[in-house]
1. Please count how many residues of segment 29-47 are more than 15 Å from PHE62 (Cβ to Cβ) and part of a loop (DSSP other than H, G, I, E, B).
2. Can we say PHE17 is in a loop (DSSP other than H, G, I, E, B) and among the aromatic types (Phe, Trp, Tyr)?
3. What tally of residues in segment 69-103 results from selecting those that are assigned to a helix (DSSP H, G or I), closer than 30 Å to LEU59 by Cβ and either open to solvent by less than 70 Å² (accessible area, probe 1.4 Å) or among the aliphatic types (A, V, I, L, M) (or both)?
4. Which of the residues belonging to segment 44-68 are modelled with pLDDT under 90, hydrophobic (A, V, I, L, M, F, W, C) and open to solvent by 60 Å² or more (accessible area, probe 1.4 Å)?
Amino acid sequence: MIDIPNRFRKLRTDKGFSVYRLSKESDVSENYIHKIERGENQPSVYILEKLLSCLGATLPEFLNGDSEVMYPSDFERELLESVRVLPEEKAQALLQMAKLLKN
């Protein structure tokens, strides 16, 4: 079972969002966000998606039971989307170039 309150709080703090900032960007009250993080309220899918969108995460990423889930930045998401449309040989060439640049 996924610990939504703790997982949500960790994601919010890892992304550097205060409850106030998340409230302003999502149009969800600070009080409601605090209640989610304390486990006093179970957010609807709509509210959770709204909050996660502000944090740069999707619902499937958040609900994935793997504690090592990475939430890509906007840049990483754009890069991934660009690579997905490349022909296989070009995608492989790009991967090899990235590996070379890493060293």
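1. If we filter segment 29-47 for residues that are more than 15 Å from PHE62 (Cβ to Cβ), which is where we start, we get 29-32, 34-35, 38-41.
Pick out the ones that are also part of a loop (DSSP other than H, G, I, E, B) and you get 29, 39-41.
Total meeting the criteria: 4.
2. Numbers: in a loop (DSSP other than H, G, I, E, B): yes; among the aromatic types (Phe, Trp, Tyr): yes.
When the stated conditions are applied, PHE17 passes them.
3. Count: 9.
4. Within segment 44-68, just LEU63 meets the criteria.
The values are calculated or read from the model by the stated rules, or taken from the named source; none is laboratory data. Here the structure is a predicted model, which means the values were calculated and not measured. We place every Cβ from the backbone using ideal geometry, glycine too, and count neighbours over all the protein chains shown. Only protein heavy atoms, including side chains, enter the accessible area calculation; ligands, DNA and RNA are left aside. Shrake-Rupley method; radii C 1.70, N 1.55, O 1.52, S 1.80 Å.
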